[in-house]
1. Look through the range 1173-1187, keep the residues that are in contact (Cβ under 8 Å) with a residue 60 or more places away in the chain and of a type in the set (V, I, T), and return whichever of them is surrounded by the fewest Cβ atoms within 10 Å (Cβ to Cβ).
2. Filter the range 157-188 for residues that are closer than 15 Å to F222 by Cβ and open to solvent by 20 Å² or more (accessible area, probe 1.4 Å) and give the result.
3. Could you check how many residues of the range 482-502 are over 21 Å from K517 (Cα atoms) and open to solvent by 100 Å² or more (accessible area, probe 1.4 Å)?
4. With (1) over 60 Å from the mean Cα position of the chain (by Cα); (2) in a helix (DSSP H, G or I); (3) surrounded by 15 or more Cβ atoms within 10 Å (Cβ to Cβ) as the list, and T67 as the residue in question, which single condition is left unmet?
5. Test I1222 against the criterion of being surrounded by 15 or more Cβ atoms within 10 Å (Cβ to Cβ), assigned to a helix (DSSP H, G or I), aliphatic (A, V, I, L, M) and at pLDDT 85 or above, and give yes or no.
6. Of all residues being open to solvent by less than 30 Å² (accessible area, probe 1.4 Å) and not in a helix (DSSP H, G or I) in the range 143-155, which is nearest to E333 (Cα to Cα)? Just the residue, please.
7. Which of the residues spanning the range 11-35 are assigned to a helix (DSSP H, G or I), surrounded by 13 or more Cβ atoms within 10 Å (Cβ to Cβ) and at pLDDT 85 or above?
8. In this structure, is R158 in a helix (DSSP H, G or I) and over 39 Å from the mean Cα position of the chain (by Cα)?
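The values are calculated or read from the model by the stated rules, or taken from the named source; none is laboratory data. Keep in mind that this is a model prediction, so the values were computed, not measured. Cβ placement follows ideal geometry from the backbone for every residue including glycine, while neighbour counts extend to all protein chains displayed. Just the protein is used for accessible areas: all its heavy atoms, side chains included, with ligands, DNA and RNA removed. Shrake-Rupley method; radii C 1.70, N 1.55, O 1.52, S 1.80 Å.
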Amino acid sequence: MEDEIDIADMKKMTQNYDWSLTSLGPIDTWEPLLKIAVNFCLDSRFPFAIYCGPDLIFIYNKALIPTVKEKHPSAFGKPIAEIYPLAPVIAYYEQIKSTGKDHGEYCTETFVPIYRDNYNEEGYFNYSMSAIYKEDGSFLAILNMSENATRKILNKRRLKCLSDLGNCIKEADSLKNGCHIIMNTLQKNDKDIPFALIYLIDNNKSETNFEPRVAYLAATTFDNDSKVNDEKLIPDHLLETPRVVDLTKNTDENYNTYIEIRRNTTIHSFLKCKSWPIDLIIRKDEHVKVALNDESQAVLFPVKTKSVEKNILIATLICGINPSRPLDNEYMEFLQLVVNHVSSILTQDKLREEEKNRIEMLADLNRQKVTFFESISHELRTPLTLMLSPLEETINLFTQEAVIHSHLQIVQRNTRRLLKLVNNLLHASNIETGQLEVQYPGELSSIKGLEDGANDYIVKPFNSRQLIARIHTNINLSQFRYQIIYHRCKQEEVKQLLISISNIILSELNFKDALSKVVKKVHQIISCNRIFIVLCELSEVQNRTMIALSEDPEVNSENNIIDNLISDQLTVDQFLGISTSTASESSDAQEDYSTEVDVSHNTHCIDTSRQVSMLSARIIANNKYIGWIKAHKSPDINWDDTEIELFQQISNQINLTINSVKLLREKMIKEAHIKAIQDANTVKTQILANTSHELRTPLGAIIGILSSIKDDKLSAEQKDMIDIMIHSSDNALFIVNNILNAAKLEAHKITLDCKTFDLFDLLESTIEIFEENSGNKQIELILSYDTNSLPKFIKSDPERLKQILMHLLSNSVKFTKEGEIIMKIFVKSLDTVDENLENQLTKKVKLLFEVSDTGIGINPEFMQYIWESYSRVDTSIIRQHCGTGLGLSISKQLVEINNGEIGAESKLGEGSKFWFTWNVELISIPALSKILKYADSPIPLDETINHILPSQIRLNRILLIHPFESARISITNFLKNFERVGAFDTCDKGIEAAKYHKELYNQAAYDIAFINLYEKDAEEITKAASELRQINGDNLHIVFMIFSNSNEKALAKKLIDTIGGRSTRIFKPITYKKVINQCLRHYILEKDFENPVSYNAKNFINNNLEKFKFDFETALKINLASSVTSPLNLCKKRMADCEIENMDEIRTPKSRLRTISNKYILCVDDNPMDLEITQKKLEELGYSTVLARTGQEAINLLQSRLELLNSDCSISDKLKYFDISIVLMDCIMSDMSGFDTSRAIRSMNSEISDIPIVGLTTSATEETCNKCKESGMNYCLVKPLKIEQFNEIMVLCNANNII
């Protein structure tokens, strides 16, 4: 409809136009054919124009207006020569007039300059033209249909320019070379960028960022291929172009002068200045448009490269503007794409240069390591050796019964042990440097007679004739033997010569010295006056042409030519560079690259200016002729065939070796780089792994013994000391595990084990680990997430995710003295990947974790090192805290394995914030329902997938009083679905709100009140709680939120006794489960259940514990050893949250494991100490044990106990009376491993092959768990054995009816 209106407007304009002022006259006088043509033109939706009459009056339709642009409507009805003097239709009309013929014309992508705003705009058109004539045959008009192809042509050539730049990314090997390649490419695509210059920026690295220091001109499009940019090559119309710009000095220009240039409907402002404003680009950090001396324009762009810390300004690109095109958005976008390509090229070039520097650094590091081992070994050997001799004499002075005698012997043994270790270090260093050689002892021969060297014998008696004949025969044989030996020696000598030529050239750094040694070696084999090598490019320029010479002294005394030798050193790389340039300059003149030997008799040698008999052969490098190797004799002596053949072999060997040098050197550099990295990583990883494993064994024994005596009858002081030792041992074991994890990460032995788990439980259990430490320091530990948006069940690696969170929280607790620590979790992105076999969409979620604190913060100069292992941080601060410096490094590597990102922000003295992203997979409802179907008692899906609460509970009105805003926000998020939640920072505000509601509605305002309790505010809180109870009635359920320390526990108990009524306490950190449990408790109390608290806990246990029947696969998926998901710990946690004090019913296994009361547990371990600790712990629980110290002993014991039963018994009776109920076995034993023992048990008689087997290991890695599963074990626990973990296993075995 809109197009029809525009067409009608064009027709109306045609009707109203005063055509009488033109050569066409009024419309009524027009030819009918012309009227038809004009109507056809105006009705057409394709760009159409008619040029009428001898003046070519311009009539066009609506579709052509975008081409006419600002000349519309003034161009309508005017002669075309007035509008577009260079229009192709004018030439076409002149051709018709001159020839009288019209053949029509069709052109594609034709360049047509369009004059606009005082400049000729570049345009390309596809058009066709054809003339129409009157009835009398005279000219009437020209029909012209056209299509603007300018955009197509511009896109095509700009795409070619970008493609050529993209192909350059692999060509350059340095920043300077890359700049020249970029300029050469832009020079070949100069339509849109007529000229270009590039300045490279030299940055100084400061404490906070990179500060530009100097900009130097690297390349321009005015450079040629043979020389670097020179000042005279810069055209005069450009601005001043200095080679070097000092960016540290202030420029004299103020850059305030701008000129405006109009293009079409837009006006552009261009800076007017004398020289290129490089410093302005750096200050503004954006492009700058400048006007040049000839009124043309250019744009300056900053070019940045990506670095570890941030984007760094590396160059400034100056691009000329096509004067025939407007500087529109498309033009600027194209220039920005060019800048992006330039940035990519320069980034790659910079990386290549940095790689070279890293290779050199690794080589230097390896040398320093070897030097260190040698120095420390030699320094230690001297005092240790001096100690041993007087120590032995001193020992002999005392009798064996003396106490000091045994002490000195201990010192002697340890000294010898240290000396042996030092010698091993020295031997290792010698082996690494190649200084240790193996020597074989020689053997003496006692053989006599012929075997001692005699060649022949004669039997006595003999006459003189026989003796003479035998002598003649031996002489002939000796001559023949000599000839054979001589030829063999010559062949071996030639072979060794050829090998030595290659070795000399490959081993020498100075190529001149190498070739000198080669010719001397050759001269020892070939008998001649002299042998020398010359370079071909110098032979006609100067006399000093020889690079190597070997000459007989007698010949040299007659005519000394040593002065012709080049004295300067010449490396292999320099020689190959000379040969390349020489060959390129002389390639046209020399086409014969044959290496055959030329033999010349009695000829003149220009190198020595003498008549000689000469052998000469060309030297070829890089498939180019570069020089000669020549041998001289006296002119009257000829060369024999053997010498010529040998000379040919020598020249071929030299050519082959020279051509192999470059390839060998590149190969050696790459191999050295790879080997240095591998060796360094292998040594470090092995040391870390060995150290960690060696430390775990004694630590496990210490922890086991301490935990076993903890429950003995000890005094309070003794129990405190035991707790301190257990805590210290756990910290030491945690550090050792971190070191082992770091070693495995660097060895790439850790992979993520994806399994389904409850994200909410993991977050809560992780943050609750730091409940005691944060409570002792009175730091608010806050967990914040949205229960409505965050997925509850996900698929990922829960152990690794928990490990990262623990590292971050541990650092925050460690370095925070007061204030708060907040852990936030968000959903950053959600992607639908594909459909699986069950037509369920697989959804990938990226979670964002943030841990922020109000601690001491991090000094900015150390921020770049925080992710490194054993990072270099401020030792004055770190010395006050424990730690290995591995936590953040391990976290970063685990996040990268998950394809996530990790970062940190910090202000010194204000605190830090660490964040990372973690990719997980959402669990679809069908998949989750399958996972939750454990055995015969599946967990209802609706009870596990959502936090949906009954409407009666959601009607509770909640009052929250907490001074920290972040804590109020966190708890409010947990209570989003409740009818009413009032959150206040002081008690007075909460009381005021309760009073206002009571006065307004005459009813209680709140049902539950969560009140934060500090020791300093005890009196105020007591009054406020009492007043709130008076306002809201006795049914108000008051919950005090306290730290988990003895003082606040006692204080809370005192307040509860004082206030009375429904009052309880919960420990910080406050989690969703704790809050909801209090709401459930209030709901139960409202229902007036008898003993409601006990009912709630016991009912939960009885209804849910039986549902957890696990096989091995399930145990691996949800990590039974973890306190996150195990059912027993869930029961304990529910009871703890509900203030149940009596936990004995849950802890004691007797009520649930009555079937094993008269049976034994078989403990298998080859370590006596570990076996004793395990036995003691089990006996404390009331279990009877049977011990075995090897796997075979355990198998024999099981078999013998089975055989003691009556053979007439049925299988069920045998199992009933078999007195071993479960096997607890170490996985790693010397003679027969636990894995092999488990397989052997599974292959025994069916009566006992299904006995439960629990593996004990010091390394609960994924690999170890898989080995346990494959060997037939039911469960896997970590040494030292924890009573709580073993209780959980026994409960599960009983629930699954396998014991």
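1. Just the residues of the range 1173-1187 that are in contact (Cβ under 8 Å) with a residue 60 or more places away in the chain, to begin with: 1173-1174, 1176-1178, 1180-1181.
This time we only want the ones that are of a type in the set (V, I, T), so: 1173-1174.
On the way: I1173: 24, T1174: 26.
The residue in question is I1173.
2. Of the residues in the range 157-188, the ones closer than 15 Å to F222 by Cβ are 179-180, 182-188.
Answer for the range 157-188, where residues must be closer than 15 Å to F222 by Cβ and open to solvent by 20 Å² or more (accessible area, probe 1.4 Å): H180, N184, Q187, K188.
3. Of the range 482-502, the ones over 21 Å from K517 (Cα atoms) are 482-489.
From what's left, open to solvent by 100 Å² or more (accessible area, probe 1.4 Å): 482-483, 486-488.
Qualifying residue count, the range 482-502: 5.
4. Condition not satisfied by T67: (1).
5. Numbers: surrounded by 15 or more Cβ atoms within 10 Å (Cβ to Cβ): yes; assigned to a helix (DSSP H, G or I): no; aliphatic (A, V, I, L, M): yes; at pLDDT 85 or above: yes.
No; evaluated as a whole, the condition is false for this residue.
6. Filtering the range 143-155 for residues open to solvent by less than 30 Å² (accessible area, probe 1.4 Å) gives 144, 146, 149-150, 153-154.
Keeping just the survivors that are not in a helix (DSSP H, G or I) gives 144, 146, 149.
Values: N144: 34, S146: 28, A149: 19 Å.
This residue is A149.
7. Step one: list which residues in the range 11-35 are assigned to a helix (DSSP H, G or I), which gives 11-16, 19-21, 27-29, 32-35.
Checking the rest, the ones that are also surrounded by 13 or more Cβ atoms within 10 Å (Cβ to Cβ) come to 11, 13-14, 19, 27, 33-34.
Correct list: M13, T14, W19, I27, L33, L34.
8. On the way: in a helix (DSSP H, G or I): yes; over 39 Å from the mean Cα position of the chain (by Cα): no.
It is false that R158 is in a helix (DSSP H, G or I) and over 39 Å from the mean Cα position of the chain (by Cα).
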